[in-house]
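S.K.: Quick one: structure below, then a few questions.
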Amino acid sequence: MKVAVEGCCHGELDKIYESISYLENKEGVKVDLLLCCGDFQAVRNEGDMKCMAVPAKYRHMQTFYKYYTGEKKAPVLTIFIGGNHEASNHLQELPYGGWVAPNIYYLGYAGVVRFKGVRIGGLSGIFKSHDYKKGHFEFPPYSPETLRSVYHIRNIDVFKLKQIKMPIDIFMTHDWPRGIYHYGNTNQLLRKKKFLRQEVESGILGNPAAAELLDHLQPNYWFSAHLHVKFAAMMQHKAKNNAAPKITKFLSLDKCLPHRDFLQIVEVADRPGSSANLEYDPEWLAILKATDSLQKPSCNFWNPPQDNGLHTRWDFSASEEAMMEVVGDLNGDLCIPENFSLTVPAYDPNHPQPNTDPAYSTNPQTTELCATLSLTDIYILAGQSEQVYAEEGATGATEEEEDEDSTGSVDEPSEYPTDTSGLSSSYNPDEITIEDEWVEEEDEGVGCAEEKGTDAVVPEGQVGSQDSDRDSSPQRETTNRLILPPPCAAPESEAPLRSLQPLCLPPPSASLSQGSSEEEGGFTPARVPKRTSGETTQGAASHTGGTPQIKRRNQSIYTAVEDEESEG
């Protein structure tokens, strides 16, 4: 089947679907599935915008609300994970995943589903060490600290994913697995993103938890975004159990902007006779049931159980009996019900309400799934612990603290710069700019408008094979000898959180109703359209010295800055 992979969405659904339609007509192909790798921004109304970790002046209503209300319907089944710029109050309603609009499915904090027999998994958010061992304690309305910590991944979700034993075909994360840059054209990456050199050379670029999952899951494909750059790599894993070593094809893509590589078609072998509907995965649901009691909505550190003599159980992988039990719970029907419904009023362009407060409620999809499988609604659990959390006076990390102790995502200029950004010599690693609306002039003096961008391509063929536009690095010649380091040992566990008092969340309103180069693997090369922009773009400035020259794009969206800054 044809799978369209998109990098950072940032609410540009109309433009992404238009690009897919253009590509289908131009190349004579039919896209079966769209995968979006984070920063989806499922913003339903003005209140949701206040739950995104961006300054107010950079919050703009994009086009998702049209799909939420039913004014438009996604022309292709869309599956996405969360990133670090999301309407977190919306996504928290669906901790186990669910429909955010008809034909648009969110994978939850972590999740695995099946489509045409292909197993697709994902992990939402980005890595930050100071929040990694905490539970999902955040609950709206958010404080300045929890507005940011809410999208940081947690070890409980990674632990669940590590219980998977059956093969995974596709896996998605927003930030990159740490070390993956050593398996592609590193030199070309550093030519595009000069400020990544220090992190690459010191080995701290990327998500260490994702690296552990990459070693454990060894999927056929791994898709990411976050750094707003096209980068392809191929990793050959160390052989396990006398089996042939597996190969993972990694691809990261850009943000949806003109002249950027934000979309790529990948040919993925489906399984004949499999359902054409989106389906639950029995192994994953069995793991959710087995680990349900481990979920603690606490800001205290939690360590997963391990075989150290201190725990009665440490293996929560799914047995055949457990999977059959899940199938029985679903009455033998694994198809994910199309039970989307509106839970908050949608944005009305004719009657904007900029002072709307963020809304939150239970989601019927989560309620139904929890009732069916006897799961705990993590969102309600977080609401129950909110008062306890406030009384204990626990706080998340500030921007400065995140800069100091982060060992995950790269330190980099904020995608949405704050008014105080110029007062600090360090960058907030959460909010990644990576020339989001800027165009950087390279040393060669070639501007983005003059570049003939090529599509990001998942490398095919044998390990170590080279592609003329991508593999100039001698490092690629040793790819077949590289293996991913083994995962770190899991720390000891701690005492469970004390029981919490019940909390009643408001139910959904009853008045709301549902309204680059060629592929080497034989697939006809499909060029991603470089969408035109009606926005004014100034001509390329002459290059002066070693400092990159920058110019503003999207004048109609972002206000012009008075003093242009280099990206460091």
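S.K.: If I stretch the segment between H351 and N241 completely, what's the gain in nm (0.36 nm per residue apart, minus their alpha carbon distance), one decimal?
M.R.: Here the answer is 33.4 nm.
S.K.: With the Cα gyration tensor of region 56-214 giving a ≥ b ≥ c as the square roots of its eigenvalues, does the rule (a/c under 1.5 for rounded; else a/b larger than b/c for prolate; else oblate) give rounded, prolate or oblate?
M.R.: Cα axes put region 56-214 in the rounded bin.
S.K.: Shifting gears a bit: Given a Förster distance of 35 angstrom, what is the FRET efficiency for N277 paired with L190, based on the Cβ-Cβ distance and rounded to 0.05?
M.R.: In this case the efficiency is close to 0.20.
S.K.: Which order do the peptides 124-135, 360-371 take when ranked by the mean count of other beta-carbon atoms within 10 Å per residue, highest first?
M.R.: Those peptides, ordered most packed to least, come out 124-135, 360-371.
S.K.: Related question: Mind listing the long-range amide H neighbours of W222? Cut-off is under 5 Å, sequence gap 5 or more, other chains count too, H placed in the peptide plane at 1.01 Å from N.
M.R.: Hits under the 5 Å cutoff: F171, K249, F250, L251.
S.K.: What does the highest-first list of 320-329, 229-238 look like by mean Cβ count within 10 Å?
M.R.: Most protected by this proxy first, the peptides run 229-238, 320-329.
S.K.: Please sort 336-346, 138-148 by packing, taking for each peptide the average over its residues of neighbouring beta carbons within 10 angstrom, highest first.
M.R.: Ranked from most to least packed, the peptides come out as 138-148, 336-346.
S.K.: Would you kindly find the accessible area of H60, with a 1.4 Å probe and non-protein molecules such as ligands, DNA and RNA excluded, rounding to the nearest 10 Å²?
M.R.: 70
S.K.: Too long at a 26 Å Cα-Cα cut-off: which of K162/K238; K2/K72; K160/K249?
M.R.: Those over the limit do not exist; all pairs fall within it.
S.K.: Oh, and also: Classify region 2-392 from the C-alpha gyration tensor, please: rounded if a/c falls under 1.5, else prolate or oblate depending on whether a/b exceeds b/c.
M.R.: Since a/c stays below 1.5, the shape of region 2-392 is classed as rounded.
S.K.: How much accessible area per residue does region 2-392 have, in Å², with a 1.4 Å probe?
M.R.: 33
S.K.: Given Cα pairs under 8 Å that are at least 6 residues apart, what percent is the relative contact order of region 2-392?
M.R.: For region 2-392, the relative contact order is 22 percent.
S.K.: Which percent, nearest 5, of DSSP beta bridges in region 94-235 are antiparallel?
M.R.: 55
S.K.: Using 0.36 nm times the number of residues separating W314 and E18, minus their current alpha carbon distance, what extension gain do you get?
M.R.: Stretched out fully, the W314 to E18 stretch lengthens by 101.8 nm.
The values are calculated or read from the model by the stated rules, or taken from the named source; none is laboratory data. Bear in mind that the values here come from a model prediction, so they are computed numbers and not experimental data. Don't worry about glycine lacking a Cβ; one is built from the backbone with ideal geometry, like all the others, and counts go over all protein chains shown. Heavy atoms of the whole protein, side chains included, go into the accessibility calculation; ligands, DNA and RNA do not. Shrake-Rupley method; radii C 1.70, N 1.55, O 1.52, S 1.80 Å.
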